[in-house]
Amino acid sequence: MADVAVIGAGVIGLSCAWELAGAGLQVELLDCSAGGTEASWAGAGMIPPGDTECAATDQLAQLSSRLWPEVSRHLHELTGIDNEYQLCGGVLLAPDSDRLEALQQSWRRRGNGVQRLGQAELSAMEPGMNPGISEGVFLPEMAQVRNPRHLKALRAACLQAGVKITPDQGVVGWESGQGQVQAALTQEGRLQAGSFLVTAGAWTSELLRSLTPDLGIRPMRGQIVQLKADQPVFSRVIEAGKHYLVPRRDGHVLIGATEEDVGFVKANTGEATERLLRFAVETVPALAGLPIVRTWSGLRPFSASGHPCLGRMPGLENLWVAAGHFRAGLSNSPATALVMRQLLLGQSPAVDVSGFAPLPPESAS
């Protein structure tokens, strides 16, 4: 019997399983699919140095930003897989000077070395940008990672650490009693473990519906378009509100992303593709005419409470949750894994988790 059964093999589940196994625990990781094929794979891999929109997750984001270089180096050494982590920097845009100033000040108050850029400085930094963009903010601590390669490295590292990975085996029910989960019920039978950690992303609330009140985690669709240039057209992440451009070293460019409350419907639409392409060309005109390699969509785990749920479920002493990261699952996965390992082992967490209690939204407000 495993010490911990982790339910959901996306980036949060894989990261937690690797962290727990590194602490000497016997870990079993299972997923209803191959694992790592949903939001973890679908994102663009941006890693900001913090979170200026949600104070509760800012510490988590700051810690993750600091952990990423070492996590990436360690994974590369263990597995030989390069996740292409790079501290590329980011150019942040806003529709007017007042909002750009507010953006700059919000990062500056947190101690980040932001720099206001005029049109000439923007052109010098990123010559491919539209010369009609008159100003922006440079955030040197913005980084990126290549999601599919990071997931591949995590999976390999988990296997090396002795994690038992069971794909295509979803949880269909639970046995509980006396304040504990006795077993998870799968298509193959009963799964027993000392503790259960649910990391099922947008499916978490559905998975726990028979055990707990609704956690308020639901899917939010995001669509992405991928282009390919013969050589890189720009080198830094460019972000304008919810939209972004992410350049890869091999000339691929990711254009994202939408936010659509459409339930568990994972599909691309012509309207969204056109809108994303228009944003890309208006920002970097040289992207016009580049071939579309592919389009895809993912279901982000939106949390009605405004922050992820991290911790023990009330009333069930061996049931834990780490889900609801919305747009920041991959970027905040290193700190999430560290914190969950500390919580499960009864250690003091590296960040204040009092705001992450997995309670129904109305209880948490």
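The values are calculated or read from the model by the stated rules, or taken from the named source; none is laboratory data. Being a predicted model, the structure only gives us computed values, none of them experimental. Positions of Cβ are backbone-derived with ideal geometry, glycine not excepted, and every protein chain shown enters the neighbour counts.
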*Working carefully through the options D168, D214, D230, find the one that is modelled with pLDDT under 95 and touching a helix residue (DSSP H, G or I) at 6+ places or on another chain (Cβ under 7 Å).*
D214
*Name the residues in segment 237-250 that are buried (at least 16 other Cβ atoms within 10 Å of the Cβ) and either touching a Phe, Trp or Tyr at 6+ places or on another chain (Cβ under 8 Å) or free of Cβ contacts under 8 Å to residues at least 40 places away in the same chain (or both), would you?*
V237, I238, A240, H243, L245, P247
*Say we look at segment 209-235 and pick out the residues that are over 24 Å from the mean Cα position of the chain (by Cα) and free of Cβ contacts under 8 Å to residues at least 24 places away in the same chain; which of these is nearest to P285 (Cα to Cα)?*
P232
*Can you confirm whether segment 199-218 contains a residue that is touching a Phe, Trp or Tyr at 6+ places or on another chain (Cβ under 6 Å), over 25 Å from R99 (Cα atoms) and buried (at least 23 other Cβ atoms within 10 Å of the Cβ)?*
no
_Based on this model, can you work out whether V246 counts as among the aliphatic types (A, V, I, L, M) and either in a helix (DSSP H, G or I) or more than 16 Å from the chain's Cα centre (by Cα) (or both)?_
no
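Kindly check whether there is at least one residue in segment 286-294 that is within 30 Å of D58 (Cβ to Cβ) and either β-branched (V, I, T) or surrounded by fewer than 18 Cβ atoms within 10 Å (Cβ to Cβ) (or both).
Checked segment 286-294: no residue is within 30 Å of D58 (Cβ to Cβ) and either β-branched (V, I, T) or surrounded by fewer than 18 Cβ atoms within 10 Å (Cβ to Cβ) (or both).
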*Pairs, please: C-beta under 9 Å, at least 6 apart or cross-chain, first residue not assigned by TED's automatic domain parsing to the domain that holds W296 and surrounded by fewer than 20 Cβ atoms within 10 Å (Cβ to Cβ) and in segment 22-51, second of a type in the set (K, R) and part of a helix (DSSP H, G or I)?*
G22/R341; A23/R341
_If Q144 meets every condition in (1) in contact with a helix residue (DSSP H, G or I) (Cβ under 9 Å, 6 or more places away or on another chain); (2) under 30 Å from A94 (Cβ atoms) apart from one, which number is that one?_
(1)
*Collect the residues in segment 12-35 that are in contact with a Cys (Cβ under 7 Å, 6 or more places away or on another chain) and assigned to a helix (DSSP H, G or I), keeping them in residue-number order.*
L14, A17, W18, A21
*L29: modelled with pLDDT of 95 or more, more than 20 Å from K242 (Cβ to Cβ) and over 18 Å from the mean Cα position of the chain (by Cα), yes or no?*
yes
*Quick one: which strands (runs of 3 or more DSSP E) sit completely within segment 70-175 and have at least 3 residues that are surrounded by fewer than 21 Cβ atoms within 10 Å (Cβ to Cβ)?*
115-118, 164-166
*asked:* Can you tell me which condition E206 does not meet? The list is (1) in contact (Cβ under 8 Å) with a residue 24 or more places away in the chain; (2) within 27 Å of F356 (Cα to Cα), and all the others hold.
replied: (1)
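Is it the case, given these coordinates, that A56 is small (G, A, S) and within 18 Å of R327 (Cβ to Cβ)?
Criteria met by A56.
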*Go through the residues of segment 314-322 one by one and say whether even a single one is crowded, with 22+ Cβ neighbours inside 10 Å and aromatic (F, W, Y).*
yes
*Select from segment 104-140 the residues that are of a type in the set (V, I, T) and either under 29 Å from the mean Cα position of the chain (by Cα) or outside the structural domain of E239 (by TED's automatic domain parsing) (or both) and list them in ascending order.*
V114, V137
*Could you list all residues from segment 251-270 that are surrounded by 12 or more Cβ atoms within 10 Å (Cβ to Cβ), in a loop (DSSP other than H, G, I, E, B) and not hydrophobic (A, V, I, L, M, F, W, C)?*
G251, T258, E259, G263, K266, N268, T269
